[in-house]
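Shown next, in structure tokens, is the structure this report addresses.
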Amino acid sequence: MEKWPNNRAWLLVLPVFVIVAFSAIIPLMTVINYSVQDIFGPGQSVFVGTEWFREMLANDRLYEALWRQFLFSGLVLLIEMPLGILIALAMPKKGWGVPVCLVTIALPLLIPWNTIGTIWMIFTRPDIGLFGAGMNNLLGIPFDHTDNWLDAWITVMLMEVWHWTPLVVLLAYAGLRAIPEAYYQAARIDGASAWATFLYIQLPKMRGVLTIAFLLRFMDSFLIYAEPFVLTGGGPGNSTTFLSIYLVKIALLQFDLGPGGAFSLIYFVIVLLFSFIFYQALQRVGKGEKV
Amino acid sequence: MKGKKKTIGLVIYFILLMMPVYWMLNMSLRSNADILASFALYPKDITFMNYMNIFTDSSWYMGYVNAVIYVVMNTVISLTVALPAAYAFSRYQFVGDKQMFFWLLTNRMAPAAVFALPFFQLYSTIGLLDTHIAVALAHCLFNVPLAVWILEGFMSGVPREIDETAFIDGYSFPRFFITIFIPLIRAGVGVTAFFCFMFSWVELLLARTLTVTEAKPISAIMTRTISATGLDFGLLAAAGILTIVPGAMVIWFVRNHMAKGFALGRV
């Protein structure tokens, strides 16, 4: 469908532009401003050029947090995308079950992020938590996410999968519901197996929504802060100190605005770069180069 | 046979989904001393003390009121500005449309942790600090792009013949848009409102940074349960349970809309 060429359409976009630019461009300029200065106090600062960037790029702990972040986001996408699609496929297509399923599945999405951390902190504590105490006492497996780094990772991953798989489910379900019944009828006439139907009809038709799900999950998992902060505080040691937890340590707790600014710009560029690559790649997958 | 397996799988998933929430509900109905003294799968002596604490202390319950106020403001603002913009993106070709669309999306990618401080400076400069509108505006940063993105998907599903017919019939653009077009995509508007509500309701960092006392949301107040005697788990759990309630209510109200929106929308 060709779109009408009309530059007056800008008038319709203008309010969005103004309101987003107000909250995006001014703070971004301020951060850029921080990143090239050494700030001693109000009105006292010295221009230092790229010093903070060089310092940050030579910071080993930043790289550690970055690899940890990549591992985390990678695992998140690897688990949540297939699981979400699977659950969406299992959901009923019509009847009273639909609203019940939607309401139940959407619930974790509407819980404030630090409540999520709180829920899982209470749930997995080795003394009072159902999961923690159950592992230790019922199954006899020592489990303590405040002490063991692997347990901490398992806990954070469980929380993340529990929290965000519903988003993938909802989007995948929306995509599935939008496929006309005629496609399935054609598949049945051809005698296609369930797997073939999934691979050649459902998956290609879900490309659009899955792109959104994939990008949202990548961005949000890469920027995760409140939940692991409440749950583990980045510990034990630094084992769950993800990129934004480390960033807050530098920027707000040590109040180093310069390095913090440089760090966040590097952070921003990484997310931007990967989102752009994924966006382009996912756009291409559905157009011609698919299996 | 296959249908049965699916249902069993779903039921197991739902049980796993509800378990952590159930556990918090369990904790919220017990006193802190009881929680620390014994491990129990269900509360034996049910107490509503934790809830009473919250409902009788205005510094607690105002947190819920504040959060609801700025979330509703944000949802209204986001929808109002996003509707015409999404229409423009779905119908017209204009200079810089693709770049503009991607730029909007990039605003979801900035680490809020550091933007918190410039936000604080910006809003204190214009004198909006500690007001509901400040948080509502700040949340527009990530909600408006999302709203445009979702609405554009729904609008592209409406055939353009409808627009053309209406314009030939002499409808002005605003009249056509409000009386014909928006009702056509109301399921999409419902889904979008749901997502705006959701992302504004759950966000903590910006909301906490931009408020002091007057507009402080409940999620920020929850950190107060750590007192000199240690963490009050019962109170924390009760506050947590209460933060789930508004969200659960919203899903309940939009459930049919959602089911319909998901069936029609191409998102």
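The values are calculated or read from the model by the stated rules, or taken from the named source; none is laboratory data. Everything numeric here is computed off the predicted structure, so don't read it as measured data. Heads up, the Cβs are rebuilt from the backbone with ideal geometry, glycines too, and the neighbour counts pull from every protein chain shown.
Taking the condition farther than 28 Å from A:Pro99 by Cβ and surrounded by 20 or more Cβ atoms within 10 Å (Cβ to Cβ), does A:Val156 pass?
Judged against the criteria, A:Val156 is a match.
Pick from B:Leu41, B:Leu105, B:Leu129: which is within 10 Å of chain A (Cβ to nearest Cβ) and surrounded by 16 or more Cβ atoms within 10 Å (Cβ to Cβ)?
Only one candidate qualifies: B:Leu105.
In the list A:Thr115, A:Thr124, A:Thr165, A:Thr146, which residue meets the criterion of being within 25 Å of B:Ala33 (Cβ to Cβ), of a type in the set (Ser, Thr, Tyr) and modelled with pLDDT of 85 or more?
Of the residues listed, the single one that is within 25 Å of B:Ala33 (Cβ to Cβ), of a type in the set (Ser, Thr, Tyr) and modelled with pLDDT of 85 or more is A:Thr124.
So, in region B:78-94, exactly how many residues are facing chain A (nearest Cβ under 7 Å) and either in a helix (DSSP H, G or I) or within 21 Å of B:Ile133 (Cα to Cα) (or both)?
Number satisfying all stated conditions: 7.
Name every residue in region A:83-97 that is out of contact with any Cys (no Cβ under 6 Å at 6 or more places or on another chain) and under 17 Å from B:Leu17 (Cα atoms), in order of residue number.
Scanning region A:83-97 gives A:Leu83, A:Gly84, A:Ile85, A:Leu86, A:Ile87, A:Ala88, A:Ala90, A:Gly97.
From the list A:Thr165, A:Thr197, exactly one residue is under 23 Å from A:Pro92 (Cβ atoms) and without any contact (Cβ under 8 Å) to a residue 60 or more places away in the chain. Which is it?
Result of the check over A:Thr165, A:Thr197: A:Thr197.
How do the helices (runs of 4 or more DSSP H) wholly within region B:1-75 filter down when requiring 1 or more residues that are in contact with a Leu (Cβ under 6 Å, 6 or more places away or on another chain): which remain?
B:2-28, B:49-56
Given the conditions (1) surrounded by 15 or more Cβ atoms within 10 Å (Cβ to Cβ); (2) closer than 30 Å to B:Ile185 by Cβ, and given that B:Tyr13 satisfies all but one, which numbered condition is not satisfied?
In the conditions (1) surrounded by 15 or more Cβ atoms within 10 Å (Cβ to Cβ); (2) closer than 30 Å to B:Ile185 by Cβ, B:Tyr13 misses (2) alone.
Residues B:Phe233, B:Phe199: which one is at the interface with chain A (Cβ under 10 Å from one of its Cβ atoms) and more than 23 Å from B:Ser78 (Cβ to Cβ)?
Selected residue: B:Phe233, the only one of B:Phe233, B:Phe199 that is at the interface with chain A (Cβ under 10 Å from one of its Cβ atoms) and more than 23 Å from B:Ser78 (Cβ to Cβ).
Considering each of A:Arg188, A:Arg284, A:Arg177 in turn, give the residue that is in contact (Cβ under 8 Å) with a residue 60 or more places away in the chain and of a type outside the set (Phe, Trp, Tyr).
A:Arg177
Regarding A:Asp151, is this residue more than 8 Å from chain B (Cβ to nearest Cβ), acidic (Asp, Glu), assigned to a helix (DSSP H, G or I) and closer than 24 Å to B:Leu36 by Cα?
Criteria met by A:Asp151.
Failed condition for B:Ala215, given (1) aliphatic (A, V, I, L, M); (2) surrounded by 23 or more Cβ atoms within 10 Å (Cβ to Cβ); (3) not in a loop (DSSP other than H, G, I, E, B), with all others met?
For B:Ala215, the failing item is (3).
Would you please name the residue that is nearest to A:Ile105 (Cα to Cα), looking only at residues in region A:181-215 that are away from every other protein chain (no Cβ under 11 Å) and not in a helix (DSSP H, G or I)?
Checked region A:181-215; the qualifying residue nearest to A:Ile105 (Cα to Cα) is A:Ser193.
Filter region A:34-53 for residues that are buried (at least 16 other Cβ atoms within 10 Å of the Cβ) and under 32 Å from the mean Cα position of the chain (by Cα); which is farthest from the other protein chains (Cβ to nearest Cβ)?
In this case the residue turns out to be A:Glu51.
Return the residues of region B:95-144 that are over 25 Å from A:Ile212 (Cβ atoms), free of Cβ contacts under 8 Å to residues at least 40 places away in the same chain, in a helix (DSSP H, G or I) and not hydroxyl-bearing (Ser, Thr, Tyr); say none if nothing qualifies.
B:Val114, B:Pro118, B:Gln121, B:Leu122
From (1) more than 7 Å from chain A (Cβ to nearest Cβ); (2) buried (at least 24 other Cβ atoms within 10 Å of the Cβ), pick out the condition that doesn't hold for B:Asp97.
(2)
Residues being under 19 Å from A:Thr124 (Cβ atoms) and without any contact (Cβ under 8 Å) to a residue 24 or more places away in the chain: count how many of those fall in region B:30-41.
Matching residues across region B:30-41 total 4.
Given the conditions (1) surrounded by 23 or more Cβ atoms within 10 Å (Cβ to Cβ); (2) modelled with pLDDT under 85; (3) more than 23 Å from B:Ile77 (Cβ to Cβ), which single one is not true for B:Ala238?
Among (1) surrounded by 23 or more Cβ atoms within 10 Å (Cβ to Cβ); (2) modelled with pLDDT under 85; (3) more than 23 Å from B:Ile77 (Cβ to Cβ), B:Ala238 violates only (2).
Here is a yes/no grid of residues against (1) within 16 Å of A:Gly117 (Cα to Cα); (2) small (Gly, Ala, Ser):
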{"position": "A:Leu158", "(1), (2)": "yes, no"}
{"position": "A:Arg177", "(1), (2)": "no, no"}
{"position": "A:Ala182", "(1), (2)": "no, yes"}
{"position": "A:Gly191", "(1), (2)": "no, yes"}
{"position": "A:Trp195", "(1), (2)": "no, no"}
{"position": "A:Arg207", "(1), (2)": "no, no"}
{"position": "A:Arg217", "(1), (2)": "no, no"}
{"position": "A:Gly237", "(1), (2)": "no, yes"}
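Being in contact (Cβ under 8 Å) with a residue 40 or more places away in the chain and within 21 Å of the chain's Cα centre (by Cα), is that true of even one residue in region B:168-181?
Scanning region B:168-181 turns up no residue that is in contact (Cβ under 8 Å) with a residue 40 or more places away in the chain and within 21 Å of the chain's Cα centre (by Cα).
Which pairs have Cβ atoms under 6 Å, sit 6 or more apart or on different chains, and link a residue in region A:113-133 that is more than 8 Å from chain B (Cβ to nearest Cβ) to one that is among the aliphatic types (A, V, I, L, M) and surrounded by 24 or more Cβ atoms within 10 Å (Cβ to Cβ)?
A:Gly117/A:Leu231; A:Met121/A:Leu231
Looking at (1) surrounded by fewer than 23 Cβ atoms within 10 Å (Cβ to Cβ); (2) more than 17 Å from A:Val20 (Cα to Cα), which one does B:Phe154 not meet, given that it meets all the others?
(1)
Pull up region B:16-29, narrow it to residues that are hydrophobic (A, V, I, L, M, F, W, C) and without any contact (Cβ under 8 Å) to a residue 12 or more places away in the chain, then point me to the one that is nearest to the other protein chains (Cβ to nearest Cβ).
It comes out as B:Trp23.
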